[in-house]
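Notes follow once the structure below has been shown.
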Amino acid sequence: MVLLFSSAITGVGLGTVVSALLVGPIVHAVSPFYHVLDRWLFAPAASEVRK
């Protein structure tokens with residue numbers, strides 16, 4: 001909304017820009033391991049439901 005009324009983005013620090021640019025490659029690198037993370041995170045909950 002602010003971008004509509006001003007001609008520039010102000011108040012965005014260098015760390016914000018760098019982290020925004022790094023999120024994509026990190027997610028792309030981790031995405032092949034999602035199935036391992038799913039088993040690790042949700043396996044205990046699935047075993048409790050079966051009891």
Test: residue in segment 26-37 that is small (Gly, Ala, Ser) and modelled with pLDDT of 80 or more: yes
Cross-chain or 6+ apart pairs with Cβ under 9 Å, segment 21-37 first and on the phi < 0 side of the Ramachandran plot, then among the β-branched types (Val, Ile, Thr) and assigned to a helix (DSSP H, G or I): Leu37/Val30
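The values are calculated or read from the model by the stated rules, or taken from the named source; none is laboratory data. Keep in mind the model is a prediction, meaning the values are calculated, not measured. We place every Cβ from the backbone using ideal geometry, glycine too, and count neighbours over all the protein chains shown.
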